[in-house]
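**Student:** I'd like to ask some things about the structure below.
The values are calculated or read from the model by the stated rules, or taken from the named source; none is laboratory data. Predicted model, so just to flag it, every value in this text is computed and none were measured. Neighbour counts run over all protein chains shown; Cβ positions are idealised from the backbone, glycine included.
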Amino acid sequence: MVKKAVIAGGTGFIGTYLKEKYERLGYRVYIISRQSEHIQWDDTHSMKDALDGAKLVINLAGKSVNCRYTEANKREIFNSRTETTEAIGRAIEACSTAPELWVNASTATIYRHAEDRPMTEGGGEVGRGFSVEVAKAWEDSFFSFQLPATRQVALRIAIVLGDGGVMEPYRKLVKYGLGGKQGNGRQMFSWIHIEDLYRTVRFMQHRDELSGVFNASSPNPVTNKEWMKVLRQSMNRRTGLPASKWMLETGAAALRTETELILKSRWVVPERLVREGFRFRYPGVGSALADLNN
């Protein structure tokens, strides 16, 4: 029998990467998306058929936070996460053979701005503000389902380094000579290589006893200043102009985004993953960028 995997919100760079990986493993991968060639969110019958008997469900769905936080955008950011999570949960409840594992995306930005100590699953402090409220509601929606036959894992994902996502704007900054520190440069930059994110999901599949919340981040976060330095080195650029807070605020308004994406200090470490024996292929930002630049 062909193994099935379902990726919701699977048309972005993370979903595309995971789809290719699982297809190479012999899985038949179903995508739930707003794009017409995939299973639609309002097609509950097709969703249930895809989920029925699946080995794995990965939910990545949600409007990008790389936008201005207008009231309309905030509603869409919020609803696009909670409503899709609830739709998946209801479809799983309707399955005759429930999926074995449901991995739901969450975000490392659920923790407070931290320059004093790292945030772990057990000892981290939840922050305040819009992005945090979104993350809390997202996880609440996920864990509101009691699914005895389906293991549930929420991954609090740090910034993902891969061919797409945040790497494009950061590379452009360096390319155009603006690759210095942002703000004071002391804010922490927590990240994970996309291959290690995939390997984290595989790790969860192989460890039937694991469930709940996991930080999906490298064990070696760096400061913004160090991150930009290593990125410049990887692109053979010796110098880069820094950007002060007011410059970032002006630029963010022009680019229709928010400075929080750059200035919030995300000091997140994967305490549970490390304790359970997960080995990162790219534990350091230097090795991660070397791989991505090959």
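**Student:** Being of a type outside the set (Phe, Trp, Tyr), assigned to a loop (DSSP other than H, G, I, E, B) and surrounded by 17 or more Cβ atoms within 10 Å (Cβ to Cβ) is the filter here; which residues of the stretch 270-282 pass it?
**Tutor:** Pro270
**Student:** What number of residues in the stretch 4-43 are outside any loop (DSSP other than H, G, I, E, B) and modelled with pLDDT of 95 or more? Don't jump to the end; show me each part of the working.
**Tutor:** Quick first cut of the stretch 4-43, residues outside any loop (DSSP other than H, G, I, E, B) only: 4-8, 13-24, 27-32, 39.
Right, trim to modelled with pLDDT of 95 or more and you get 4-8, 14-24, 27-32, 39.
Looking only at that region, the number is 23.
For every residue, the table says whether it meets (1) in a strand (DSSP E or B); (2) under 25 Å from Asp52 (Cβ atoms).
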| position | (1), (2) |
| --- | --- |
| Thr109 | no, no |
| Asp116 | no, no |
| Val134 | no, no |
| Gln146 | no, yes |
| Ala149 | no, yes |
| Leu155 | yes, yes |
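**Student:** Here's another thing I want to ask about it. Here is a check on your reading of the model: is Ile157 closer than 30 Å to Ser144 by Cβ, of a type outside the set (Phe, Trp, Tyr) and touching a Phe, Trp or Tyr at 6+ places or on another chain (Cβ under 7 Å)? Spell out the reasoning first.
**Tutor:** Values: closer than 30 Å to Ser144 by Cβ: yes; of a type outside the set (Phe, Trp, Tyr): yes; touching a Phe, Trp or Tyr at 6+ places or on another chain (Cβ under 7 Å): no.
Taking the combined requirement at face value, the residue does not satisfy it.
**Student:** Could you tell me whether Ile39 is under 24 Å from the mean Cα position of the chain (by Cα), free of Cβ contacts under 8 Å to residues at least 40 places away in the same chain, more than 21 Å from Ile194 (Cβ to Cβ) and surrounded by 15 or more Cβ atoms within 10 Å (Cβ to Cβ)?
**Tutor:** Yes, satisfied.
**Student:** Quick one: Pro169 ticks every box in (1) crowded, with 19+ Cβ neighbours inside 10 Å; (2) assigned to a helix (DSSP H, G or I); (3) not hydroxyl-bearing (Ser, Thr, Tyr) except a single one, so which number is it?
**Tutor:** Answer for Pro169: the failing condition is (1).
Residue-wise test of (1) assigned to a helix (DSSP H, G or I); (2) more than 14 Å from Asn104 (Cα to Cα); (3) free of Cβ contacts under 8 Å to residues at least 40 places away in the same chain.
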site	(1), (2), (3)
Arg186	no, yes, no
Leu197	yes, no, no
Phe203	yes, yes, no
Glu209	no, yes, yes
Phe214	no, no, no
Ser218	no, yes, no
Lys225	yes, yes, no
Met228	yes, yes, no
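**Student:** So, one more: State yes or no: is His193 over 25 Å from Lys225 (Cα atoms) and either in contact (Cβ under 8 Å) with a residue 40 or more places away in the chain or not β-branched (Val, Ile, Thr) (or both)?
**Tutor:** On the way: over 25 Å from Lys225 (Cα atoms): no; either in contact (Cβ under 8 Å) with a residue 40 or more places away in the chain or not β-branched (Val, Ile, Thr) (or both): yes.
It is false that His193 is over 25 Å from Lys225 (Cα atoms) and either in contact (Cβ under 8 Å) with a residue 40 or more places away in the chain or not β-branched (Val, Ile, Thr) (or both).
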